[in-house]
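The values are calculated or read from the model by the stated rules, or taken from the named source; none is laboratory data. Every value quoted in this text rests on a predicted model; they were computed, and no experiment measured them. Here Cβ is always computed from backbone atoms with ideal geometry, including for glycine, and neighbour counts include all displayed protein chains. Keep in mind that these areas ignore ligands, DNA and RNA; they rest on the heavy atoms of the full protein, side chains included. Shrake-Rupley method; radii C 1.70, N 1.55, O 1.52, S 1.80 Å.
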Amino acid sequence: MEFFDTLCRVIFYFMIYSVVGWIYETTLCSITDRHFVNRGFLNGPYCPIYGSGALLDVLILGRIENPFLLFILGVLVTCSLEYLTSYVMEKLFKARWWDYSKRKFNINGRVCLIGAVVFGAFSTVLVLWIHPLVTKLTDMLSPLARHIVSAVLFCGIVTDLVFTVKGMAGFREKIEEVSELVEQQKKALEEKIHDSEAAAKLRGRRTEIKKKFTLQQRRLISAFPSLKFKKPQSNETLRSLRDVMKKIKEKKER
């Protein structure tokens, strides 16, 4: 029973920090892009990489009290996780989801100095101040409430993960298939023809593009501007698709 309660606490902490990470990422990207961006890879309001990083900090560094040592070790733990996550996702989906190659002091474009500093600082604040507070708030719940909430959250994120991975199947192939259609869309938009027949054709092409990609896939294309594939042709298509989606959105807002 004690093991089960500990497991529920771990799930609870994981979800809390995943949500906090999603808020951080979404806020930062939304301010940068000047419009709302759901930055999470999954559909729900959480970023598991942040939950995982926070859990590793707590489990590995939880007993360290020296702020300087916490910062250094926090950098090592979180950057290792980010590097590994980038590598695994690239192998799994045949695509690079983020790329820091243009930033100074990066390692293979997977981690960079500014990110390391931010995560190191967060690790220090998390272990010394945030997690003790979160633990106190968690203790205010009854064991039964913790078990029920943790079970619901766990089932929810696992279901989300399954649907996301399933929904991303064949994503790269779709990018390649839609190449020609995207080029036609770009030409139609650049011509700026406003007669009814051209407008009808344009709406038809928009519908075709929407049918090619699921809502989730279109969201991820917008949410990860650094997403790129190994094939240059696929990346050119992806850039074109982003341009088309942006212009379509602008036309709708007029």
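For the stretch 117-127, a tally of residues being open to solvent by 20 Å² or more (accessible area, probe 1.4 Å) and touching a residue at least 12 places away in the same chain (Cβ under 8 Å) returns 4.
The residue list I148, I130 contains one member that is without any contact (Cβ under 8 Å) to a residue 12 or more places away in the chain, open to solvent by 20 Å² or more (accessible area, probe 1.4 Å), within 30 Å of Y87 (Cβ to Cβ) and part of a helix (DSSP H, G or I), which is I130. May I ask you to verify whether S52 is farther than 24 Å from M168 by Cα and open to solvent by 20 Å² or more (accessible area, probe 1.4 Å)? Considered against the rule, which asks whether it is farther than 24 Å from M168 by Cα and open to solvent by 20 Å² or more (accessible area, probe 1.4 Å), S52 comes out as no. Going residue by residue through the stretch 103-116, is there one that turns out to be basic (K, R), open to solvent by less than 30 Å² (accessible area, probe 1.4 Å) and either assigned to a helix (DSSP H, G or I) or within 20 Å of W22 (Cα to Cα) (or both)? So far as the stretch 103-116 goes, yes, one or more of its residues are basic (K, R), open to solvent by less than 30 Å² (accessible area, probe 1.4 Å) and either assigned to a helix (DSSP H, G or I) or within 20 Å of W22 (Cα to Cα) (or both). Please indicate, with yes or no, whether at least one residue in the stretch 134-142 is outside any helix (DSSP H, G or I), open to solvent by 70 Å² or more (accessible area, probe 1.4 Å), out of contact with any Lys or Arg (no Cβ under 6 Å at 6 or more places or on another chain) and modelled with pLDDT of 95 or more. No, because not a single residue in the stretch 134-142 is outside any helix (DSSP H, G or I), open to solvent by 70 Å² or more (accessible area, probe 1.4 Å), out of contact with any Lys or Arg (no Cβ under 6 Å at 6 or more places or on another chain) and modelled with pLDDT of 95 or more.
Number of residues in the stretch 1-45 that are outside any helix (DSSP H, G or I) and within 17 Å of W97 (Cα to Cα): the value is 7. Total residues in the stretch 132-147 satisfying the condition of being over 29 Å from E65 (Cβ atoms) and out of contact with any helix residue (DSSP H, G or I) (no Cβ under 9 Å at 6 or more places or on another chain): the figure is 3.
Selection of the stretch 12-41 for residues being at pLDDT 90 or above, touching a Phe, Trp or Tyr at 6+ places or on another chain (Cβ under 9 Å) and open to solvent by less than 30 Å² (accessible area, probe 1.4 Å) yields M15, Y17, S18, G21, T26. Summed over the stretch 160-194, residues that are open to solvent by 70 Å² or more (accessible area, probe 1.4 Å) and modelled with pLDDT of 90 or more total 2. So for the stretch 118-128 (the condition being closer than 24 Å to R96 by Cβ and out of contact with any helix residue (DSSP H, G or I) (no Cβ under 8 Å at 6 or more places or on another chain)), does at least one residue qualify? Checked against the condition, which is being closer than 24 Å to R96 by Cβ and out of contact with any helix residue (DSSP H, G or I) (no Cβ under 8 Å at 6 or more places or on another chain), the stretch 118-128 yields at least one hit. Among the residues of the stretch 215-242 satisfying the criterion of being assigned to a helix (DSSP H, G or I) and among the polar types (S, T, N, Q), which is nearest to T32 (Cα to Cα)? It comes out as S222. Taking the criterion of being of a type in the set (A, V, I, L, M) and either open to solvent by 40 Å² or more (accessible area, probe 1.4 Å) or assigned to a strand (DSSP E or B) (or both), the residues of the stretch 65-102 that qualify are L69, I72, L73, L76, L84, V88, L92, A95.
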